[in-house]
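Heads up: the structure comes next, in structure tokens.
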Amino acid sequence: MKKLAVIFSLFALVCSGGVASAYGKYGKDSAECLKYLSFYKDHYKVKNYKDALPNWRKAFKLCPPTANQTMLIDGTSLMRQEINKNKKNAQLRESIIDTLMMLHDLRMQNFPKMKSKAVENKTLDMIQFRNGDKQALYDICKEAIENNKEKTKASIFVNYMNCSVELYQAGRLDIDTVISDYEYCMGFLDAALAKNPGDENTANIRAAVENLFVSSRVASCENLIAIFTPKQQADPGNLELLGKIANMMRSTEDCTDNELYFTAVTALYKADPNYKTAYGLYRMFSSKGDVDMANKYLDEAIAFDESDDETDAQYYYESAVFNHKNGNKAKAYHAAQKSIALDQDGDVIGKANMLCGTIWGSTSCKGGTEIDSRAPFWVAVDFMVRAKNADPSLTEEADRLIGQYRQYFPEKAEAFMYNLTDGDRYTVNCGGMSAVTTVRTQSK
């Protein structure tokens, strides 16, 4: 309770104005202020926080907030330690958290040039220690983002979006606001990634924000149509609005097969043909089941110079999946091969190899020898091995399929009739596809 009394006295000191600024930077008792600043700092530098804390308290009591910004910063570190030490004393812990928040506020008020950093630090501490009040957390997250923009700590975007969704579900925010919050976050995260494309943490946070928004079902397709249809009708030539509609609907499950999406992506493509608008048309025609037009625009999206290798790798993989689903094995296989060649980050290599293996494993080569009819299973196993090596999460499924395909390997005697033995190289040409594999047999 003695600690609690000291903390409350600090609040009283701040509320009463502390040491009058008329006495100068270090206050009325400047010598004492400087003495305790030195005392606490000597202990703090050598991580002797136990002795640093009482001297810091004396310095904070004697010195005006403007005396030393480091005093406020070090104070936040000391308060965090005290919070963690007093987990079992809820009342004292809450008082220390109050002091921590007050120190952030003092830094914001007295060192305006550092306000952006102070707001961000306060936000991170609220996320850790006081995240029950969603409205307060929503407000401070928004303030941090407003101050730091694309430089905001990535995790703050996730918490901001989470608060937005929860406040909507509690009836305290409307759908328009949640959608605006989502676009606000995505704009800054995209800007951050544009400056540093290799930042995996920001990329992961962006994906988390998107997943949170989509999984929340706040922006159901029905809601998006209801919200954006009158806006589009009132301002049909607004490309910014059309882009927003297209992006939102692409991010929402089963929302690319409606008239509003068709209108938006068609108008965007006419106004500015590029890989994004071409991809939008692919999504539109694929949802309508128009395979030829879907392929036309996806191939066009890949052909644009503006799309980078990683984007093209994703597009090729999507083409492979789409064409395999629609029975065009050769086009699917070649698209998957191109996605493997272009993928530098390993996002699709495993899945693309597994798809190639699945294609070969379901391919029937007619008109050749018995070996020709069995050779596709060698190729299928090759790709399954590559798939699980590239992505260990695919191991169980790959091994299951490998077990199936091995049943169709020729027997040793059968291969011998064609002058083939285990380990020989063998070229397979079938259904517009070609691959070099290795002869493997089974004994019965």
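What angle do you read, to the nearest 10 degrees and between 0 and 90, between the alpha-carbon axis of helix 370-390 and the longest principal axis of the chain? Helix 370-390 sits roughly 10 degrees off the main axis of the chain. Rounded to the nearest 10 degrees, the angle from helix 115-129 to the longest Cα principal axis of the chain is 80 degrees.
Between SER180 and ASP42, the C-beta separation translates, for a Förster distance of 56 Å, into a calculated FRET efficiency of about 0.65. In a simple Cβ point-charge model (Lys, Arg +1; Asp, Glu -1; nothing else charged), region 106-158 has a dipole of about 200 debye relative to its Cα centre. Pairs of Cα atoms nearer than 8 Å and 6+ residues apart set the relative contact order; for region 363-444 it is 32 percent.
For the residue pairs LYS45/LYS117; LYS338/LYS366; LYS115/LYS142; LYS325/LYS351; LYS329/LYS366, alpha carbon separations beyond 20 Å are given by LYS45/LYS117; LYS338/LYS366. Here region 138-209 and region 269-343 have alpha carbon centers that stand 29 Å from each other. At full extension, LYS195 and SER220 could sit 5.8 nm farther apart than now, given 0.36 nm per residue minus the alpha carbon distance.
For Cα Rg over 2.2 N^0.38 Å, the choices are [x] 1.02; [y] 1.41; [z] 0.89; which was calculated from the structure? Derived directly from the coordinates: [y]. Please work out whether region 358-433 counts as rounded, prolate or oblate from its C-alpha gyration tensor, where a ≥ b ≥ c are the square roots of the eigenvalues and a/c under 1.5 means rounded, while otherwise a/b larger than b/c means prolate and anything else oblate? Prolate, because a/c is 1.5 or more and a/b exceeds b/c.
Applying the Karplus relation 6.51 cos²θ - 1.76 cosθ + 1.60 with θ = phi - 60° to region 197-208 yields 3J(HN,Hα) values of x, x, 6, 5, 4, 5, 4, 5, 5, 4, 4, 5 Hz, where x marks Gly and Pro.
Pairs with C-alpha atoms separated by more than 30 Å, drawn from the list LYS61/LYS134; LYS87/LYS122; LYS153/LYS296; LYS149/LYS270; LYS87/LYS151, are LYS61/LYS134; LYS153/LYS296; LYS149/LYS270; LYS87/LYS151.
In this simple spin-label model, placing a label point 7 Å from the Cα along the Cα-to-Cβ direction at both PHE304 and ALA413 gives a separation of 6.2 nm. Report, in degrees rounded to the nearest 10, the 0 to 90 angle that the Cα long axis of helix 329-342 makes with the longest principal axis of the chain. So the inclination is approximately 40 degrees.
Using the Cβ-Cβ distance between THR438 and ALA341 with R0 = 22 Å, the FRET efficiency computed as 1/(1 + (r/R0)^6) comes to roughly 0.55. Would you please classify the overall shape of region 285-387 from the alpha carbon gyration tensor, given that a ≥ b ≥ c denote the square roots of the eigenvalues, rounded means a/c under 1.5, and beyond that prolate means a/b larger than b/c while oblate covers the rest? Since a/c reaches 1.5 but b/c is at least a/b, the shape of region 285-387 is classed as oblate. What you get for the chain, charging only the Cβ of Lys and Arg (+1) and of Asp and Glu (-1), is a dipole of about 2480 debye around the Cα centre. PHE262 sits among other residues whose Cβ lies under 13 Å from its own Cβ, and their net charge, with Lys and Arg +1 and Asp and Glu -1, is +1. With a Förster radius of 25 Å applied to the beta-carbon distance between LYS28 and ALA136, the computed FRET efficiency rounds to 0.10. Within a Cβ distance under 14 Å of GLY431, other residues only, what is the Lys/Arg minus Asp/Glu net charge? Once all neighbours under 14 Å are counted, the net charge is +2.
Taken together, the values in this text are just the output of simple stated rules run on the coordinates, not laboratory data. Because the structure is a prediction, the values reported are computed rather than measured. No Cβ is skipped: glycine too gets one built from the backbone with ideal geometry, and neighbour counts run over all protein chains shown.
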